[in-house]
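**Student:** Below: one structure in structure tokens.
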Amino acid sequence: MRGYKEPGFQDRTAAAQDARKKALEQLRAKPPLSEAEQAERLAKSLAKEAAAQEKREAVLREREAARVARREQAEKAAANQPVALTDAERKAARDARYAARKARK
């Protein structure tokens, strides 16, 4: 009984060439698309692209609205913050707290 013989280079290239020929024959045997099918595929493609564009625009609108809301919230928070005191005002407030503490003792 003979053992298994590995296919050589010539065998592998012949097998690959046969596979290519077979694939090409299958492709040629496939019937061409009719004009109606082509138009239908094009319409589906355009509809899908339009939906994707609308989705992108909706996301951009949401991002812009969120950005505006954050800006308004920051402005509102800035308006509610106390005005920064000058050095003299801070010193006067500190002196008043110190005097009040001394008066309690």
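The values are calculated or read from the model by the stated rules, or taken from the named source; none is laboratory data. In this text the structure is predicted, and so the values were computed from the model without any measurement. As a convention, Cβ positions derive from the backbone with ideal geometry for all residues, glycine included, and neighbour counts pool all protein chains shown. Accessible surface areas use protein heavy atoms only, side chains included; no ligands, DNA or RNA. Shrake-Rupley method; radii C 1.70, N 1.55, O 1.52, S 1.80 Å.
**Student:** Condition test on LEU24, is it open to solvent by 70 Å² or more (accessible area, probe 1.4 Å), at pLDDT 95 or above, of a type in the set (A, V, I, L, M) and more than 38 Å from the chain's Cα centre (by Cα)?
**Tutor:** Yes.
**Student:** Give ALA66, ALA92, ALA51 a once-over and let me know the one that is over 21 Å from the mean Cα position of the chain (by Cα) and of a type in the set (A, V, I, L, M, F, W, C).
**Tutor:** Matching residue, one of ALA66, ALA92, ALA51: ALA92.
**Student:** On the given criteria, is ARG101 open to solvent by 100 Å² or more (accessible area, probe 1.4 Å) and within 32 Å of the chain's Cα centre (by Cα)?
**Tutor:** In short, no.
**Student:** What about GLN17, is it at pLDDT 95 or above and in a helix (DSSP H, G or I)?
**Tutor:** It is true that GLN17 is at pLDDT 95 or above and in a helix (DSSP H, G or I).
**Student:** Given the criteria under 22 Å from the mean Cα position of the chain (by Cα) and surrounded by 10 or more Cβ atoms within 10 Å (Cβ to Cβ), does ARG41 qualify?
**Tutor:** The answer is no for ARG41.
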